[in-house]
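Here is the structure we will look at.
The values are calculated or read from the model by the stated rules, or taken from the named source; none is laboratory data. Just so you know, these numbers come straight off a predicted model, no measurement behind them. Heads up, the Cβs are rebuilt from the backbone with ideal geometry, glycines too, and the neighbour counts pull from every protein chain shown.
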Protein chains: 2
Amino acid sequence: MQNLKRSMNRLQAMELFVSAVREGSFSAAGRRVGLSPASVSRYIGELEAQLGVQLLNRSTRHLGLTDAGKIFFQRTEQVLHGIEDAEAAALSLQTAPRGTLRVHSRTLFGIKVLSLLIPGFQKLYPELKVELRLSERHALLREDEFDVDFQIQAPKDPGLMQRRLLRSERILVASPDYVRRMPKLREPEDITRHNCLTYWMGPDDVVWKFMRRNRLREIVVPSSFSSNNGVVLSDLAAAGHGIALLDDYTVAEEVKSGRLIRLLPGFRVTNSSFDEGIYAAFLQSSYLPEKIRVFLDYMAENVPKQIKRSAQ
Amino acid sequence: MQNLKRSMNRLQAMELFVSAVREGSFSAAGRRVGLSPASVSRYIGELEAQLGVQLLNRSTRHLGLTDAGKIFFQRTEQVLHGIEDAEAAALSLQTAPRGTLRVHSRTLFGIKVLSLLIPGFQKLYPELKVELRLSERHALLREDEFDVDFQIQAPKDPGLMQRRLLRSERILVASPDYVRRMPKLREPEDITRHNCLTYWMGPDDVVWKFMRRNRLREIVVPSSFSSNNGVVLSDLAAAGHGIALLDDYTVAEEVKSGRLIRLLPGFRVTNSSFDEGIYAAFLQSSYLPEKIRVFLDYMAENVPKQIKRSAQ
DNA sequence: TCGATCTTTTCAGATTCTGCAAAGGACATG
DNA sequence: CATGTCCTTTGCAGAATCTGAAAAGATCGA
C-alpha cells in the first residue's frame, strides 16, 4: 500500500479511458461526462505516464488501441462493473428488507410477546431471517452485533436510538374489599399506614415516588411482602392483602372488571423512573437499514395490539 | 455515465475503507498510507454518504462492519485486485520496455561482469534506465524495491523466482610448485596437513565440505591466510603459498595454462552449499514486466559469454 | 480516576482540477 | 489546392478539493 496523499484520481482516469475508447475520441467522451477535451486528454495522459505504458495511438480522426491498451480496456471494463456491483450489493442490503435481523429482549417479553408476533412479521418479509436472543442481562448492541434490543426504559447509551412501542405507567391498586376495610388514602404520605406489596429490587428500602403538578414526593414504603413477579403481586392485591404498584397494562383487565381499584388517580407513581414503557433500541446510524425499519414499524403497530389482546 | 467534473476520489476512499477494516481503525489505516485520521474519517464518511449506506459502526475501540459493509468489503477487495491485474497485464504487453530497472548485485560481480554488459543492453533498449546498486549485504527485493538481484545461490524466499545464468562449482587449486613440495593429497582428510588459503566468512572455524557418491565429509580446515577477495586468494595460490577453494570460472584461465592444478578432482567441494552458480532473482508476479524479461534474456545469453571472455 | 488511543469537526493553507485560448494535425469536400 | 470541421495538446489563471493541526468528546485498561 503506497502513499495515498494527494494522489491523482485514478478511477476517473480509468473511466475516461474506457469512455474514450467506446465513443471513439476524447472530445466525445468529455461531452458525455461534462468535461472538456483538454481535461480528458490530461487524465489519459497521466494514466499512461503512471503506468509507463502507451495505451492509445492518437490522431485527430482515429483513436487506436495498442496491444497493451486492448487488454487494459477489457480489464478496466470489468473493474468498473465490479465497482457498480459492490455498490449495488451494499445498497441492496440497505434498501431492501433482506439479510438477518438479530434481536434481543428480556425473557418474559420475548416469550409472551415477540415469539407470537415474529411469525406474522416473517410472513410479510420471507427473505428476512430472524435471530431472537433472550436473556435478563443488558444487551451490548455494538459488541454483540444485535440490530434491535427491546427494553423497558429509554436507553441511556448516547450511541443508541430508540423507538417507543408502548407507553406505560405504574398505578396503585387494591381490591374493593381492602379499600372498604382500611382507612381512606388521600395523600401519598397516608401510604405508610397501609400494607404494601412491593416489587423486589434489592436489599435496600423501597421508595415509591409520587408526582403531581411537578411536585415530587418520595416515600419509604413499609413492605410486608415482596416479589420479583408481577402476576403474584397482582393476585395478592386482588385477594385483598394490600396495595400493589403495577404497570397499567398488566392489570387493565382487573381494573376494568372492578376486581381491582385504582388509588390516588391524580398522581403519577413509580418505583424507578417515570419514563417507562416498551422501547426498541438500535444503533445510531446515518442510514438505517430497511430490514430494521420495517421490523420497528411492524412492532410499533403490533406490540400494543398484542398486549391489549393479552389483557382481554 | 454520470458527470465526472470534480468528483471525489472514490478509489482512494475504497482503498482506505479496505485498509481501515484490515487494520482495525481509521488511525492505523492512515498511518499505513501517510494520511491523518481526520482525512481517513472524511473519506469513509463521504463514501457512505454517496452510497447512502452505513458501512461501519464506529466506536473508539471497535470498528464493526454492518451487513452491507461486509459485502462491500469483499467486493471492494476484488476490485482492487482487478486494478492491479489490469495494470500488470498492460505492462507485460508493452512493446517497448520503458521505465527504470533497479538491479542489485555483489560488488565484485557488479564491477567485473554487469558493468561491462549493461552498456550493450542499454544500446538495445535506449528508453530503459538502469540503476545498479552493489553491496555485500543481501538485497530485499520487495522492501528495497529492486527488480532483479544477482545472487550466487538459488534464492530461498518463497515469493521470489529465479533464473540461473551460469552453473558453477568450487574447485581446489594449488600451484605445480606447491604440489611438488608438499605431500600428495589423496583423501579430503589429508587437507589438514596443508596450508589453506580461505575465503573469509566470519570469525567461526572454516569448514570445507567434500561430496563424493552421496557421501558428505565436513573438514575443519587450518587457515593460515583468509580474505574476502577471490583474486587475492587466486594469486597467492598461483604463487605457491597454499591451497585455495575457488569458483571454477574465476580460475579457468590459470587451470588451462597450468599455472594452477586442480586437486581431488573426483570430489565436489564447497565452503557453503553445493547448489551454486549465478542466479538472477526477481519478485513472483502473474505478469512479468517486459523490462525485466528482456533484461533477464540478455543476461542469460551474455553473462556466460562474459565470464568465458574473462577466462581467456 | 487517569492516560492512551480513537473518531469527528472546523479552519487555513497547499495542491489538484478546470475551461479557455492558441497552435497544430487529419481528413473530407468543393 | 484551399477551406472547413473536428480533433489533441499545452500553458495560464481561477475554482474547488484535499490536508494536517487543534480541539472536543468517547472508550477502554491499569
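Couple of notes before you dig in:
- Filter pass, B:V103 being in contact with an Asp or Glu (Cβ under 7 Å, 6 or more places away or on another chain), buried (at least 22 other Cβ atoms within 10 Å of the Cβ) and not in a helix (DSSP H, G or I): yes
- Pairs where the first residue, in segment B:131-144, is farther than 18 Å from B:I111 by Cβ and the second is modelled with pLDDT under 75, C-beta under 9 Å, 6+ apart: B:L141/B:G159; B:R142/B:G159
- Filtering A:S7, A:S25 for residues that are surrounded by fewer than 23 Cβ atoms within 10 Å (Cβ to Cβ) and within 19 Å of B:G82 (Cβ to Cβ) leaves a single hit, A:S7.
- In segment A:239-257, the residue that is farthest from the other protein chains (Cβ to nearest Cβ) out of those that are out of contact with any strand residue (DSSP E or B) (no Cβ under 6 Å at 6 or more places or on another chain) and either at pLDDT 90 or above or farther than 24 Å from A:K308 by Cβ (or both) is A:G240.
- Checking each residue in segment A:1-40 for being within 7 Å of chain B (Cβ to nearest Cβ) and outside any helix (DSSP H, G or I) picks out A:M1, A:N3, A:L4, A:K5, A:S7, A:N9, A:G34, A:L35.
- Checked against the criterion of being facing chain A (nearest Cβ under 7 Å), under 17 Å from A:R10 (Cβ atoms) and polar (S, T, N, Q), segment B:80-100 contains not a single residue that satisfies it.
- Scanning segment B:70-79 for residues being within 7 Å of chain A (Cβ to nearest Cβ), in contact (Cβ under 8 Å) with a residue 12 or more places away in the chain and not polar (S, T, N, Q) gives a total of 2.
- When B:T66 is tested against the conditions (1) exposed (fewer than 15 other Cβ atoms within 10 Å of the Cβ); (2) at the interface with chain A (Cβ under 9 Å from one of its Cβ atoms); (3) of a type in the set (S, T, N, Q), the lone failure is (1).
- Figure legend. Inter-residue proximity from segment B:178-196: first residues more than 14 Å from B:A244 (Cβ to Cβ), second residues buried (at least 16 other Cβ atoms within 10 Å of the Cβ), beta-carbon distance below 6 Å, spacing 6+ or different chains. Indicated pairs: B:P188/B:F210; B:P188/B:I219.
- Given (1) over 25 Å from B:R259 (Cβ atoms); (2) under 28 Å from the mean Cα position of the chain (by Cα), index of the condition B:E218 fails: (2)
- Filter result for B:F225 (surrounded by 14 or more Cβ atoms within 10 Å (Cβ to Cβ) and within 14 Å of B:W200 (Cβ to Cβ)): yes
- Those residues of segment A:106-123 which are in contact (Cβ under 8 Å) with a residue 12 or more places away in the chain and either exposed (fewer than 12 other Cβ atoms within 10 Å of the Cβ) or on the phi > 0 side of the Ramachandran plot (or both), in sequence order: A:T107, A:G120
- Subset of segment B:41-56 [touching a helix residue (DSSP H, G or I) at 6+ places or on another chain (Cβ under 8 Å) and either in a loop (DSSP other than H, G, I, E, B) or not β-branched (V, I, T) (or both)]: B:S41, B:Y43, B:E46, B:L47, B:Q50, B:L51, B:G52, B:V53, B:Q54, B:L55, B:L56
Conditions (1) free of Cβ contacts under 8 Å to residues at least 12 places away in the same chain; (2) over 14 Å from A:R6 (Cα atoms); (3) within 12 Å of DNA strand D (Cβ to nearest atom); (4) not assigned by TED's automatic domain parsing to the domain that holds B:H81, marked per residue:
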site: B:R22; (1), (2), (3), (4): yes, yes, no, no
site: B:G34; (1), (2), (3), (4): yes, no, yes, no
site: B:S41; (1), (2), (3), (4): no, yes, yes, no
site: B:E46; (1), (2), (3), (4): no, yes, yes, no
site: B:Q50; (1), (2), (3), (4): no, yes, yes, no
site: B:V53; (1), (2), (3), (4): no, yes, no, no
site: B:R58; (1), (2), (3), (4): yes, yes, yes, no
